[in-house]
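The values are calculated or read from the model by the stated rules, or taken from the named source; none is laboratory data. As the structure is a prediction and not an experimental result, all values here were calculated from the model. Heads up, the Cβs are rebuilt from the backbone with ideal geometry, glycines too, and the neighbour counts pull from every protein chain shown. With ligands, DNA and RNA removed, areas are computed over all heavy atoms of the protein, side chains included. Shrake-Rupley method; radii C 1.70, N 1.55, O 1.52, S 1.80 Å.
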Amino acid sequence: NGAICIQPCSPSFHGETSFVCEDRKWHMLSDACANLDVQSLFQVRLLEFLPCTGGHSGGGKPSHGKPADGAKHFGAGNQSCQADFSCIIPDILSSPAIPGNIADIVELLKKISQLLSANVTRGKMLTYSRIANHILNSSIISNWAFVKDRNAGSILLDSVNSFAENLLLRNGSESIQEPFIATKGYSIHRNTSGKSFDFSMEFNSTDNITGHVVIPGEELLRLPRASKAISVAFPTLGAVLETNQLDPAVVNGMVLSVSLPEELQNILLTFEKLNKLEQVGAQCVGWHSAERRWDPGPCAVRAHNVTAVVCACAHRRRTHRSFSILMAPAAPWSSVLDYLTRVGLGLSIFSLVLCLVIEAVVWHHVTKTEITYMRHFCLVNIAASLLVADVLFILAAIVHNAALNYQLCVAATFFLHFFYLALFFWMFTLGLLILYGLLFIFFKVTRSVFLAAAFSIGYGCPLVISILTVAITEPKNGYLRSGACWLNWYETKALLAFVVPALSIIVMNLIVVLVVVVKTGRSSVGDGCKSQDLSSMIRVSKNVALLTPLLGLTWGFGLATIIDSRSLAFHIVFALLNAFQGFFILLFGTLLDRK
């Protein structure tokens, strides 16, 4: 049936006829190869179905021809095989899916997608799917770990996508289902209300897994003409896609590939989780075919619950056509941590409300001097900012758990970011006020100047930082983190817009504490008697005890939770200190104030 291109089975051949296949020298099967091992024989059988790019020239010399010339040799004399190459199915399905054979089949599928992807009929796609299904079976998926080419999974994904996008649709639709690979296609046009692809596929011998792709109706309005949309689902391929990233990515759903016209970019995908444990987070990602890695850039979590995740993704024909979900690096879950957070937040909100009520009642009695007015003014704004932030924290959790819309989660995160920053900047303002009272005794600041400066620092700086953060990261779907209405950390590092100002203020307020300790220590040391020493220590201790919760020094434990996100101890200490911060403000800022 024409030229049979194989790799040489021994270093030296005698009397063979040479051909040139894609700029590489191959050799024709001859009697010199009598003793072939199983894998070499399998290579011969696979490669004999691929057309050479050159024909027989005689005399043992290679001849060069056009790439299309080789098609003449493919399946010559067998019109059925030429139409859908189904004649190779028995050989492939009868071969064991051992690592060497997996690599050969991946190479075969790559060659087919490169040479025979024009006008893919249902028969061609069915044969192609059956070949791919053979090496994607869940019972042999562990064999992929021993395939030499670590990019074999990525090559297979790209090959299937390239082949499937040329699928011809009969009567406006097509559906080809194998246990471990499924392909669906629909005709689409601008007047369509919206198209969806539903997949329910076997993951292993006992479990099925589902996936759902939706092209919104507003996206279809971009179409200038009638076109088609193709989607391919892989329930097991995610386990063998090896990335170039250092951190191992754990795929927690099926891989869904989508082929759309250039005009269509935004799609919604729903993934059923493989691991449905409550503490497992989710991260929506797209496969970057050029860099061979999971990229969170084009995707964002729209909704998330224990069993499924809804992702909003940007389809990019050249780089991002396949999507899935990863197990997000999640903080350790503990019933103790959950209990501390709930009780602490409840007590914090109650304490902050009580603090503001007390301040309102005694305001005229404790703000008779400029310095006391400024101090209590800072304290009220600290309490108000933390109160609003705590309430927003609860609302953000409700929004996320109820799987409400994405825009509401963005809004909750923006205001949460703003008011937590405001808390820190008002703490910074209070620190500056303390320095002013200690170091600039003879320099007087009017109330109007103080209020202008305080509002600029306390609310102006947080507003600028919050707006810049959402403006820079949201267009790239990198504003929100996976699994919560809060700033992204693992992909775009948007959380730095909160961490850097907070830690900077903590450091500066530590300096304020040191200045206070030095100044009060010097003023207390005079007579040298024990009672004066004891009094000095008490005064220093009160200053430190007051400034530590008020100026956010305890938030330094947040840095530890970022460095070691899986340490339950760090999370418990951080939750304990910060959830009760409202109570600390009431205690040290109000109740222990003798006035």
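Taking the criterion of being surrounded by fewer than 22 Cβ atoms within 10 Å (Cβ to Cβ), under 25 Å from residue 476 (Cα atoms) and out of contact with any Ser or Thr (no Cβ under 9 Å at 6 or more places or on another chain), would at least one residue in the range 221-229 satisfy it? Within the range 221-229, one or more residues are surrounded by fewer than 22 Cβ atoms within 10 Å (Cβ to Cβ), under 25 Å from residue 476 (Cα atoms) and out of contact with any Ser or Thr (no Cβ under 9 Å at 6 or more places or on another chain). Which one is modelled with the lowest pLDDT, of the residues in the range 316-343 that are over 30 Å from residue 235 (Cβ atoms) and out of contact with any helix residue (DSSP H, G or I) (no Cβ under 8 Å at 6 or more places or on another chain)? Within the range 316-343, the match that is modelled with the lowest pLDDT is 335. Of the residues examined, residue 199 is not one that is aromatic (Phe, Trp, Tyr) and at pLDDT 85 or above. The set of residues from the range 129-142 being open to solvent by 40 Å² or more (accessible area, probe 1.4 Å) and in a helix (DSSP H, G or I) comprises 130, 142. For the range 136-153, the criterion of a residue being under 14 Å from residue 256 (Cα atoms), under 28 Å from the mean Cα position of the chain (by Cα) and at pLDDT below 85 is satisfied by no position. Residue 219 - would you say it is in contact with a strand residue (DSSP E or B) (Cβ under 9 Å, 6 or more places away or on another chain), in contact (Cβ under 8 Å) with a residue 60 or more places away in the chain and among the acidic types (Asp, Glu)? No.
Residues in the range 95-128 that are farther than 21 Å from residue 171 by Cα and open to solvent by less than 20 Å² (accessible area, probe 1.4 Å): 95, 97, 100, 101, 102, 105, 106, 108, 109, 112, 113, 128.
Is it the case that the range 447-470 has a residue that's of a type in the set (Ser, Thr, Tyr) and not in a helix (DSSP H, G or I)? For the range 447-470, residues of a type in the set (Ser, Thr, Tyr) and not in a helix (DSSP H, G or I): absent.
Does residue 160 qualify as being modelled with pLDDT of 95 or more and not acidic (Asp, Glu)?
Judged against the criteria, residue 160 is a match.
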